[in-house]
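Step one of this worksheet: look at the structure below.
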Amino acid sequence: MSPLRPGAVIGILGGGQLGRMLASAAAQLGFDVLIYSPEDDPPAGRLAAGAFQADWDDAAALSEFAEACDVITLEFENVPVASVEIIERAGKSVLPGAKSLSVSQDRLTEKTFLNDHGIPTAPFREINQLDDIVLALEALGGYGVLKTRRDGYDGKGQAWVRLGHGGIKEAWTALGERPCILEGAIAFDCEISVLVARSINGATMSWAPPRNSHEYGILARSTVPSGLSKTVEDEARAKAMHLAEALGHVGVLALEFFVLPDGTLLANEFAPRVHNSGHWTPEACQTGQFEQHIRCVAGWPLGDTRRLFDAEMINLIGDAGLVDPATLKLNDILTLYGKREARPGRKMGHITRRLGPRKD
Ligand code: AMP
């Protein structure tokens, strides 16, 4: 693909805040963005040049969308692979591509793929029926987390279970008796993630890994530097780059890790897209994740991912997103997603703080 020229149209599947920030970065590089989303009035649609509202299985709308775009990307990892195939049949590329999507959409396929490519994860077992849970718990140390194979996010579709305690049947029912995996509980020291970008020509670059803390299963804060040794950080970055290569991924992806007290890295999951734990990159690095992703799908060379500042990113969730501008600190860099309604657990915006020039 020859590099896109200014005025070209980039389509984005999904209309949430990630699409909104991608659309903003694309506009800065001179592109027009069209959003495709089943949602009415999605946050990204109001910032883009145009928006299609249609379901994921609407073949006519997908073909029309493909027709209107030069290249298409996504901000939502659960876009059905069948929708991507419709677009591809209409003659347009979807980047990152069906492989990254299909692997990441199913936790069993994802964890198997990671292990097969030399990226260790927590031990896990496939769960298809209630009886499998006890057998898996016996094999995995008696305590673990049941996760639906598909459609889980932000701690949803998960339930902790312990051998010898009640609640196993309840957990199975609460998750809808759907195909699951059971993961052994990991006593980690901290969690980090690596954001990596891979260009159309196969060049990869990663950013410094942030340390991430979660509240109620939702990312609350990301901080750089992580405080981990360079050896551990470099290993995490190498693993993420290896994953992007193994998938033939084009664009940004995020690989999350548990870090054990001895520095061992266990991958948790990856997102085949820009990621909440990278929201500090535009303010703290030479090139941020949104611009980098657009560069990748436009067939441009990668920008420099060098980190210039120590920084933290704090998510504004639920009512915290109803920011009173008078309470902002002088160095708060605020991004709000334009969501018209705050609901518990809903990501409304984030604040990035530069904590001074990079010191490490
Ligand atoms: P996930 O949706 O898989 O990213 O899980 C959400 C959060 O739950 C993670 O960021 C961890 O804090 C926690 N968690 C998930 N899986 C495990 C595990 N196997 N052991 C310990 N904590 C976990």
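The values are calculated or read from the model by the stated rules, or taken from the named source; none is laboratory data. This is a predicted model, so every value here is computed, not measured. Cβ placement follows ideal geometry from the backbone for every residue including glycine, while neighbour counts extend to all protein chains displayed. Side chains are part of the model used for accessible areas, which takes the heavy atoms of the whole protein and leaves out ligands, DNA and RNA. Shrake-Rupley method; radii C 1.70, N 1.55, O 1.52, S 1.80 Å.
Values as computed for the structure displayed
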item	result
Candidates Gly167, Gly227, filtered to the one that is over 23 Å from Leu114 (Cα atoms), at pLDDT below 95, more than 16 Å from the ligand (Cβ to nearest atom) and over 16 Å from the mean Cα position of the chain (by Cα)	Gly167
Qualifying residues in the range 186-205 (those that are assigned to a strand (DSSP E or B), within 16 Å of the ligand (Cβ to nearest atom) and β-branched (Val, Ile, Thr)) - the one nearest to Leu265 (Cα to Cα)	Ile192
Test: residue in the range 235-244 that is open to solvent by 50 Å² or more (accessible area, probe 1.4 Å), in contact (Cβ under 8 Å) with a residue 60 or more places away in the chain, within 14 Å of the ligand (Cβ to nearest atom) and not assigned by TED's automatic domain parsing to the domain that holds Gly19	no
Selection status of Gln105, open to solvent by 60 Å² or more (accessible area, probe 1.4 Å) and either among the aliphatic types (A, V, I, L, M) or within 28 Å of Glu75 (Cβ to Cβ) (or both)	no
Residue check for Arg221: of a type in the set (Lys, Arg) and assigned to a loop (DSSP other than H, G, I, E, B)	no
Elements of type helices (runs of 4 or more DSSP H) contained in the range 33-135, each with 2 or more residues being over 28 Å from Phe258 (Cβ atoms) and charged (D, E, K, R)	59-68, 81-89
Residue in the range 316-331 that is in contact with a helix residue (DSSP H, G or I) (Cβ under 8 Å, 6 or more places away or on another chain) and open to solvent by less than 50 Å² (accessible area, probe 1.4 Å) present	no
Selection count where residues are open to solvent by 10 Å² or more (accessible area, probe 1.4 Å), more than 14 Å from the ligand (Cβ to nearest atom) and either free of Cβ contacts under 8 Å to residues at least 12 places away in the same chain or of a type in the set (A, V, I, L, M, F, W, C) (or both), scope the range 251-281	1
Among the candidates Lys99, Lys111, residue that is open to solvent by 50 Å² or more (accessible area, probe 1.4 Å), touching a residue at least 60 places away in the same chain (Cβ under 8 Å) and either within 23 Å of Phe290 (Cα to Cα) or touching a strand residue (DSSP E or B) at 6+ places or on another chain (Cβ under 6 Å) (or both)	Lys99
Selection status of Ala208, outside any strand (DSSP E or B), open to solvent by less than 40 Å² (accessible area, probe 1.4 Å) and away from the ligand (no atom under 13 Å from the Cβ)	yes
Hits in the range 55-86 - residues which are in contact with a Phe, Trp or Tyr (Cβ under 7 Å, 6 or more places away or on another chain) and of a type in the set (A, V, I, L, M, F, W, C)	Ala61, Phe65, Val79
Residue tally, condition surrounded by fewer than 16 Cβ atoms within 10 Å (Cβ to Cβ), at pLDDT below 95 and within 10 Å of the ligand (Cβ to nearest atom), over the range 131-154	1
Flag if Thr173 is modelled with pLDDT of 95 or more, away from the ligand (no atom under 16 Å from the Cβ) and among the hydroxyl-bearing types (Ser, Thr, Tyr)	yes
Residue tally, condition surrounded by 24 or more Cβ atoms within 10 Å (Cβ to Cβ) and aliphatic (A, V, I, L, M), over the range 29-47	3
Residue tally, condition open to solvent by less than 10 Å² (accessible area, probe 1.4 Å) and in contact with a Pro (Cβ under 8 Å, 6 or more places away or on another chain), over the range 158-194	5
Selection within the range 282-315 - aliphatic (A, V, I, L, M) and open to solvent by less than 50 Å² (accessible area, probe 1.4 Å)	Ala284, Ile294, Val297, Ala298, Leu302, Ala311, Met313, Ile314
Subset tally (residues that are farther than 18 Å from Pro3 by Cα and surrounded by fewer than 22 Cβ atoms within 10 Å (Cβ to Cβ)) for the range 68-78	3
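The rows are residues; the columns are (1) in the same structural domain as Thr264 (by TED's automatic domain parsing); (2) closer than 29 Å to Val79 by Cα; (3) among the charged types (D, E, K, R).
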| residue | (1), (2), (3) |
| --- | --- |
| Ile127 | no, yes, no |
| Val134 | no, no, no |
| Gly141 | no, no, no |
| Lys147 | no, yes, yes |
| Gly167 | no, no, no |
